[in-house]
Amino acid sequence: MKEYEYKIPENNPAISGILANISKGKRWDDGTHFPGIHVTYSYCVGGYGVTGVLDQYSDEDIRKFFEMIFEEVAADGETAFEFSAENDCMRERLLTVFSDKSISSEKEYSLRGIQKCRELSCIPEDVKIYQVDDNMINLMKNGTMQNADIFLERYFNSWEDKESFLNNSAAFIAVHEDSIVGTIFGSSSYEKAVAIDIEVDEKYRRKKIAKRLTEEMLNNLIDRGFVLQWDCVESNTISYKAAQSMGFEQIRERLYDWFEI
């Protein structure tokens, strides 16, 4: 049998962090072969990552493995399988296996921020920015802040405990009075690369809050030896331009695919 040297992909912390048991997420593998097929699901990404080596599998075996996953996710109410493959060969094989499906595709870009922001964006004076630390997590859990779910839902679905989160990631929140109106959150981490997720309440958009949150996050993590990864699809030109405006540089382009299950 052919021997493979399996390396966890370096460019996608949303996949790699789960496979390395650093961050939290769903994971499936065939349980028999090495390196086999590995499929992950990251809550914040909202899609599936496929990696491993498929050479030793027949199309029928691959199909059976994925149909097992489809049954599970369909039971959770999902109607489509949205995925990115870690290399072109794997993607082409999967497209062949599911050639009977109507498959849609879009380019997905990965950018990384490795330089600090020297000047922070001005935001409304009544909006305050706070780093999420142990004390802040406790305040949110205890219901001290309104709209805390904007952070807590991401936190509970991405990290096993506070220690893992605080050691491998970071987050900042924007607060107006006693309500959280925006957050930037590191949802996964691998080899000092942190995947980020940003959300700002609709009423507070176009006030540079998202940009300020990103600047704070960027400076904090770079000081700690991390880099930030920003992923977006081609149709989201606003997101792509926003990342570029803050000095993020594109490191990867690939296709993101989906089909009905």
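The values are calculated or read from the model by the stated rules, or taken from the named source; none is laboratory data. Quick caveat, the model's predicted, so the values are computed rather than measured. Here the Cβ positions follow ideal geometry from the backbone for every residue, glycine too, while neighbour counts run over all protein chains shown. Note: accessible area is taken over every heavy atom of the protein model, side chains too, but ligands, DNA and RNA are not part of it. Shrake-Rupley method; radii C 1.70, N 1.55, O 1.52, S 1.80 Å.
Would you calculate a helix-derived [θ] at 222 nm for the chain, using -39,500 (n - 2.57) for each DSSP H run of n ≥ 4 and dividing by the full residue count, to the nearest 500? Please report the intermediate quantities before stating the final value.
Details: 8 runs with 83 residues, N = 261.
Value at 222 nm, helices only: -9500 deg cm²/dmol.
I want to check the label-to-label distance for residue 163 and residue 118. Put each point 7 Å from Cα in the C-beta direction and report it in nm to one decimal.
It is 4.1 nm.
Would you be so kind as to identify which of 143, 182, 168 lies farthest towards the positive end of the dipole of segment 118-209, taking Lys and Arg as +1 and Asp and Glu as -1 on Cβ and the Cα centre as origin?
182
Can you give me the span-like helices of the chain, meaning DSSP H runs with 18 Å or more of Cα extent along the axis and Kyte-Doolittle mean at or above -1.0?
Details: long enough: 59-75 (24 Å, -0.14); 209-223 (21 Å, -0.17).
TM-like helix candidates: 59-75, 209-223.
Need one number: nm distance between label points at residue 153 and residue 255, each 7 Å from Cα along Cα→Cβ, rounded to one decimal.
3.2 nm
Which FRET efficiency, nearest 0.05, do residue 178 and residue 80 yield, Cβ-Cβ r, R0 30 Å? Write down the numbers at each step before the final one.
Details: r = 38 Å, r/R0 = 1.28.
The calculated FRET efficiency here is 0.20.
I'd like the carbon and sulfur percentage of the solvent accessible area for segment 81-224, probe radius 1.4 Å, heavy atoms only, ligands and nucleic acids excluded.
On the way: 2900 of 7290 Å².
Solvent-exposed carbon and sulfur of segment 81-224 make up 40 percent of the total.
Work from the charge dipole of the chain (Cβ charges, +1 for Lys and Arg, -1 for Asp and Glu, about the Cα centre) and give the residue of 111, 256, 53 farthest towards its positive end.
It is 111.
Measure up 128/211; 24/192; 162/211; 128/208 against 22 Å on the Cα-Cα distance and list the ones that go over.
Details: 128/211 14 Å; 24/192 16 Å; 162/211 26 Å; 128/208 13 Å.
Beyond 22 Å between Cα atoms: 162/211.
Rounded, prolate or oblate, given the Cα gyration tensor of segment 144-193, with a/c below 1.5 counting as rounded? Walk me through the numbers before you get to the answer.
Details: a/c = 2.68, a/b = 2.01, b/c = 1.34.
Judged from the Cα gyration tensor, segment 144-193 comes out prolate (a/c at least 1.5, a/b above b/c).
What nm value, rounded to one decimal, do you get for the distance between residue 222 and residue 88 when each label is placed 7 Å out toward the C-beta?
If labels sit at residue 222 and residue 88, their model points lie 3.3 nm apart.
With every protein chain kept in place and ligands, DNA and RNA left out, what is the accessible area per residue of segment 106-148? Probe 1.4 Å, answer in Å². Intermediate results must be reported in sequence, preceding the final value.
Working: 2740 Å² over 43 residues.
So segment 106-148 comes to 64 Å² accessible per residue, rounded to a whole number.
Suppose accessible area is computed on protein heavy atoms with a 1.4 Å probe; arrange 101, 241 from highest to lowest. Intermediate results must be reported in sequence, preceding the final value.
Numbers: 101 60, 241 135 Å².
Sorted by accessible area, descending: 241, 101.
Give me the one-decimal Kirkwood hydrodynamic radius in Å for the chain, with the sum taken over alpha-carbon pairs. Numbers along the way, then the final one.
Numbers: mean 1/r = 0.0512 Å⁻¹.
Evaluated on the chain, it is 19.5 Å.
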